[in-house]
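Visitor: So that we are looking at the same thing, I have put the structure below in structure tokens.
Here, each number is a calculation from the coordinates, and none is a lab measurement. Since we're looking at a predicted model, the values are computed, not measured. FYI the Cβ positions are ideal-geometry reconstructions off the backbone, even for glycines, and counts take in every protein chain you see.
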Amino acid sequence: MARKWTESEDNKIVNMRNKGQSFERIAAAVNATVSQVRHRYCSYKKKVENGETSKGNLTISYPSKDACEISYIGNEITSVDDLIASAKIDLTIWEVSEVTVNSWEVAGKKGNGQDEFSRWKPETLWKTPLRQIKAKLKRLAPKHIQDTIKDLIAGVQPFKGKFPALKRKKSRAHLLEISLYDAHFGKLCWGAETGIDYDLKIAASDYSHAVEDLLDMVRGFEVEKVCFPVGHDFFHVDNWSGTTAAGTVVDSTDDRFKKVFRVGFEAVRTAVMKCAEVAEVEVLWVCGNHDSSSSWYLTEMLSREFRDSDRIKVDNSCMTRKYRLYGISMIGYDHGDGMPLDRLPLIMATEKPDLWAKSVYRHYRVGHFHKKKQLKWVGSDTFNGVEVTVLPSLSGTDKWHYENGFVNNLRTAEAALWNRDSGYAGSFSVEARSAIKARASR
């Protein structure tokens, strides 16, 4: 019975032979006879000679649920982008982690048959360039998380409700930013251990009340747009394993991740809809260091639900820094964990020179540090200063922060206003309702 060869075995034969390996060694590697290997390789050379090699030499394997490897040998696919496209890899699920490219030539002799006198024509040499491209990919998040989020997203129905009509004045328009940074849904704090109680129920309540209170404070201003950043460590952990996006194991964590995600999604959804009663809302995904995958999936669910809404838009593009120009003000958003804060102004000018040139005032809004802080940076030229504002957190103090002395930070959220014509107009701050209640009960 003729042996059935796999694509992986074919690739191994070609690779080893092109590296100068003997047929005997190749035969041992693929568990075949020398004559079988020689015949298989000669068949491959004939295909190359006849121009038959193409994307049929592309192989895809999955060493694990969270890893994928693609290999191609031929002369049609010439780049990693072509390789990904040919393999039909979904880059919303996978990301490339490693690429290897090799090139060589395959040569041989070609018989030209007989002439009209039945004499054999001289053989001619042929030579074909070949390329091998290998790519290793890893999932953006573990498969069990992606499967669960996929099911959640599939069940999200487009929002069909109606918001009240907006009544606008023609002057003194403002941009309102609702700054609920570092909420850490899923964090657990025991008051007897850290002096503060904090859990999923408290987090959702504080989040909802903060939005209501902030909207009430700005009621006297004419707001034409609401900017609503989401991310910034909205979730305490990124997965069922209780780790951050970088794999750091986090203590004091609610291990009911599905429930944490659902409650967190509903809290953000409700908050965004409250803001939409005031003005058009743009949700911005800003990647945190605790929840880079889970917070992105949350915003993806929001974008699916409000995809038909003219009142709510979601920007969850993969760039971790976001920039907006409102009137004469340029505003940047970053979590603040990736680099020294005094580098942000130069990055702002470099990444978005067009917005920089159109603005008079520039601001950067970051979280991560769980406290309010402001810095000023002025370049050596005539550019105006860039104000970098570190915004506070609503979340409680967990065991690790308590034991390391990070205590007594005010648990607050902020709303900031920018006037279209005159720039930054000021901010309002509200304390977490649970913190006020705890203080009153002492």
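Visitor: When DSSP beta bridges are limited to those with both residues in region 169-440, what percentage is antiparallel, rounded to the nearest 5?
Guide: Restricted to region 169-440, the bridges split so that about 50 percent are antiparallel.
Visitor: Can you list the HN-Hα couplings for region 312-321, worked out from phi with the Karplus curve (6.51, -1.76, 1.60; θ = phi - 60°), rounded to whole Hz and with x for Gly and Pro?
Guide: Working through the residues one at a time gives 10, 10, 10, 10, 10, 4, 6, 5, 6, 9 Hz.
Visitor: Taking the Cβ of P63 as the centre, find all other residues whose Cβ is under 14 Å away and add up their charges (Lys, Arg: +1; Asp, Glu: -1).
Guide: Surrounding charge for P63 is +3.
Visitor: Another question, then. In the neighborhood of V430, defined by Cβ-to-Cβ distances under 11 Å, what is the net charge if each Lys or Arg adds +1 and each Asp or Glu adds -1? Could the numbers behind the result be given before it?
Guide: Values: positive: R411, R433; negative: D206, E212, D213, D216, E414, E431.
Neighbourhood net charge equals -4.
Visitor: Let me ask another. Which ³J(HN,Hα) values in Hz, rounded to whole numbers, follow from the phi angles of region 60-65 under the Karplus curve 6.51 cos²θ - 1.76 cosθ + 1.60, where θ = phi - 60° and Gly and Pro get x?
Guide: 10, 9, 10, x, 8, 5
Visitor: Quick one: order T248, T59 by neighbouring beta-carbon count within 10 Å, fewest to most.
Guide: By the 10 Å Cβ count, ascending: T248, T59.
Visitor: In whole Å, how far is the Cα centre of region 223-268 from that of region 291-318?
Guide: 14 Å
Visitor: When Lys and Arg each count +1 and Asp and Glu each count -1, what net charge do the other residues less than 9 Å away from K225, Cβ to Cβ, add up to? Spell out each step's value before the answer.
Guide: Working: positive: none; negative: E224, E280, E282.
With Lys, Arg at +1 and Asp, Glu at -1, the net is -3.
Visitor: At W190 and R439, where each label point lies 7 Å from the Cα along Cα→Cβ, what is the point-to-point distance in nanometres?
Guide: Inter-label distance under the simple model: 2.7 nm.
Visitor: OK, next. List the residues, sorted by chain then number, that are 5 or more residues from G231 or on another chain and whose placed amide H is less than 5 Å from its amide H.
Guide: Counting only residues 5 or more places away or on other chains, the set is V286.
Visitor: Continuing with this model, one more query. For D90 and H39, FRET efficiency with R0 = 41 Å and r from the beta-carbon atoms, rounded to 0.05?
Guide: Computed FRET efficiency for H39 and D90 comes out at 0.60.
Visitor: Counting only residues 5 or more places away or on other chains, whose amide H sits under 5 Å from the amide H of W94 once H atoms are built in the peptide plane?
Guide: Those qualifying (amide H under 5 Å, at least 5 residues apart or on another chain) are L140.
Visitor: Hey, another quick one. Which order results if R131, R307 are arranged by neighbouring Cβ count within 10 Å, fewest first?
Guide: On the way: R131 16, R307 13.
With the fewest neighbours first, R131, R307 line up as R307, R131.
Visitor: Would you give the gap between the C-alpha center of region 137-195 and the C-alpha center of region 56-96, rounded to a whole Å?
Guide: Region 137-195 and region 56-96 have Cα centres spaced 33 Å from each other.
Visitor: Arrange V278, V34 by Cβ neighbour counts within 10 Å, fewest through most, would you?
Guide: V34, V278
Visitor: Turning to a different aspect of this structure: Apply the Karplus parameterisation 6.51 cos²θ - 1.76 cosθ + 1.60, with θ equal to phi minus 60°, to every residue of region 76-82 and state each ³J(HN,Hα) to the nearest whole Hz, in sequence, with x for glycine and proline.
Guide: 9, 7, 10, 8, 5, 4, 5
Visitor: Give me, ordered by chain and number, the residues 5 or more places off Y326 or on other chains with an amide H under 5 Å from its own placed amide H.
Guide: I331
Visitor: Let me ask something else about it. If packing is taken as the average count of other Cβ atoms within 10 Å, what order do 352-361, 226-235, 268-277 fall into, highest mean first? List each step's numbers first, then the result.
Guide: On the way: 352-361: 14.9, 226-235: 26.7, 268-277: 19.7.
By packing density, highest mean first, the sequence is 226-235, 268-277, 352-361.
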